[in-house]
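Since the structure comes first, as structure tokens, the remarks are kept for the end.
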Number of protein chains: 2
Amino acid sequence: MDFNKQYSTYVDIIETELNHLLPEQNVPEGILYKAMRYSLLSGGKRIRPVLSLAVCDMLNGNIFDVIDFACSIEMIHTYSLIHDDLPAMDNDDYRRGKPSNHKVFGEAAAILAGDGLLNTAFEVMSRAVIKMSEKNEKQLNSDIGTNGLKAMELVAKASGAGGMIGGQIIDISGIGALGNQIDTAKLSEIEKLDHMHMLKTGAIIKASVLVPAMIAGSDENRLSALAGFSESIGLAFQIKDDILDGDGYVALLGVDRSKTMLDSLISKASVFLYPFGENAGFLTQLAGYIANRSA
Amino acid sequence: MDFNKQYSTYVDIIETELNHLLPEQNVPEGILYKAMRYSLLSGGKRIRPVLSLAVCDMLNGNIFDVIDFACSIEMIHTYSLIHDDLPAMDNDDYRRGKPSNHKVFGEAAAILAGDGLLNTAFEVMSRAVIKMSEKNEKQLNSDIGTNGLKAMELVAKASGAGGMIGGQIIDISGIGALGNQIDTAKLSEIEKLDHMHMLKTGAIIKASVLVPAMIAGSDENRLSALAGFSESIGLAFQIKDDILDGDGYVALLGVDRSKTMLDSLISKASVFLYPFGENAGFLTQLAGYIANRSA
């Protein structure tokens, strides 16, 4: 199937499920759901859940075992955007071309909408693993329940203090602040930037790629190849962002060296997909898409 | 054992485990852990995790199967306090006699410290269930892994949009705002207040009580008695708060009627504990402690 068509098929599945997982609620606290839905269903590229579904397909897995995890990761991504946009953080009035959450619902509701999305993600994953574990008992097949549990733990680690939130605190403190905590004098500026992005955006992208593989029960070799793939595209994604915005890596390395680095990461990403043969077509193109996107 | 002595034994176990679960970290993002630990380890009555351990003991369960859940609930409670204290929310400069989190670390770090605690709670519970599930395979005993999963789902629901966060949004909007969403015209002011507290503080107190029972595999009768007990003490806890502060229920009902309501809830709580016989001694006293505390 054509890449763009496949991409929108994935996005359609994701939008439908997000809408299903977080319906409007006719309850006294309904405004909370409105605020959560406002940001969750406001479009966006959905790259993280698309990665999960595409890896699942590449491994001939069952998308219905993975979709709720994919959507939970998108909920976590969305909550981080809502909190990032707050006046105390980046103070952004717009997100995806629309007024940011706190501009519409107020700061207090935006804080709670973010909290609610993070919480809902774990609610959804817990329920998904319970379902898997029940299916497991009926079918007596492998240990899909345990795989699901480990996948949820991976997401928790990736989104937590040792992952995304850790990266955000470095980002708001400035990478110069790194030296305050440990002896980072020996780290180059670029190594500090790498560390920050590995946590802030890299960890959750890696989780998006590894979760479907863990659920499918992939062996160490495949997990390791997919980890390499996800690290390459995670960093490529960030460098492309910086090329579009002119800061971060571009400020440190200049445009030309940044572009060379981007190209080399995309090639590296494809090499990590060799073991998956023809099945890797979509993900190979996805890596190229990340490098060539214009927003 | 003497009630106060037993209470402090529980608190000691909880403090040790909280400190163990969230150690200081010599990493670039170390300031995040400092901010999380500042609020998590700043004392407090630890009523929620004490409830979990006490119910576990009452049911002759193993405290080591429950302690990580108890600590996760306390992390969730602490994150909610950090976010509640923010300028955009209640704007409180002090908490437990110390400057609130954002007064020490700044608003941005306080938002992230709250996010980090919520996330860590689910990280800790996922790991705990994985351990249970592995133990389960070795011992071939019952379905403690599945019980753990369902307990985690219960905590997620209690802390989420349909629980604590839902209650918080009503609290900041004012209970008068309830009518905006559904036809609440028929609800009395007191029913609206009940609804808000059932979500904001009741749901997580209920989870603290039910989690150890679910892990112990209690039957429906016992779960239902414990649900009744937790609802009674949850509401009693709130009314006592209002008696100490002079608002909420006291503003609506006056001091005398509030005190009568409090007494009747405490008696009701004890009745729900009858099925547990002599084992219920500590929890019966705990109900009295909630009603008689002075802060």
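What follows is calculated from the coordinates using simple rules that are stated; it is not laboratory data. Predicted model, so just to flag it, every value in this text is computed and none were measured. Every residue, glycine as well, gets a Cβ built from its backbone with ideal geometry; the counts of neighbours run over all protein chains shown.
The table that follows gives values for the structure above.
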{"read-out": "Aspartates and glutamates with Cα under 16 Å of B:K45, excluding same-chain neighbours fewer than 8 positions away", "value": "B:D12, B:E15, B:E17, B:E74, B:D241"}
{"read-out": "Projected-area average for the protein assembly as shown over all orientations - Cα convex hull basis, square nanometres", "value": "27.2 nm²"}
{"read-out": "Net lengthening on full extension, A:K131/A:L244 (0.36 nm per residue, minus Cα-Cα)", "value": "36.4 nm"}
{"read-out": "Additional length obtainable on full extension of the chain from A:K45 to A:F64, 0.36 nm per residue less Cα span", "value": "4.8 nm"}
{"read-out": "Difference of contour (0.36 nm per residue) and Cα-Cα distance, B:N4 to B:Y274", "value": "95.0 nm"}
{"read-out": "Distance (nanometres) between label positions extended 7 Å along Cα→Cβ at A:N26 and B:S267", "value": "4.0 nm"}
{"read-out": "Cut-off under 5 Å, modelled amide H: who pairs with B:R95 long-range", "value": "B:S100"}
{"read-out": "Sites B:L252 and B:N91 - FRET efficiency at Förster radius 22 Å, r taken between beta-carbons, to 0.05", "value": "0.35"}
{"read-out": "Top of B:S232, B:S133, B:S42 by mean-square fluctuation, Gaussian network on chain B, Cα under 10 Å", "value": "B:S42"}
{"read-out": "Ranked B:R95, A:R96, criterion: other C-beta atoms within 10 Å, fewest first", "value": "A:R96, B:R95"}
{"read-out": "Computed FRET value (nearest 0.05) for A:T16 with A:K259, which takes r as the C-beta separation and R₀ as 35 Å", "value": "0.40"}
{"read-out": "Two-site FRET efficiency, A:S188 against B:K34, from Cβ-Cβ distance with R₀ of 25 Å, rounded to 0.05", "value": "0.45"}
{"read-out": "For segment A:1-120: span of alpha carbons on each principal axis (Å, largest first)", "value": "44, 30, 19"}
{"read-out": "Spatially proximal aspartates and glutamates relative to A:K206 (Cα-Cα < 12 Å; intrachain offsets below 8 disregarded)", "value": "A:E231"}
{"read-out": "Per-q log10 I(q)/I(0), segment A:219-295, q = 0.18 Å⁻¹ (Debye; single scatterer per alpha-carbon; no solvent)", "value": "-0.68"}
{"read-out": "Mean Cα-pair separation over length for segment A:1-152, i.e. relative contact order, pairs under 8 Å, 6 or more apart, %", "value": "22 percent"}
{"read-out": "For segment A:151-174 versus segment B:186-235, the gap between their alpha-carbon centres in whole angstrom", "value": "33 Å"}
{"read-out": "Order of B:C56, A:C71 under a 10 Å beta carbon neighbour criterion, fewest first", "value": "B:C56, A:C71"}
{"read-out": "Per residue, the convex hull volume that the Cα atoms of chain B enclose (Å³)", "value": "142 Å³"}
{"read-out": "For segment B:73-121 versus segment A:41-84, the gap between their alpha-carbon centres in whole angstrom", "value": "29 Å"}
{"read-out": "Proxy reagent accessibility, fewest Cβ within 10 Å first, across B:E220, B:E15", "value": "B:E220, B:E15"}
{"read-out": "25 Å Cα-Cα reach of B:K135 towards lysines, excluding residues that sit fewer than 8 places from it in its own chain", "value": "A:K131, A:K135, A:K138, A:K150, A:K157, B:K150"}
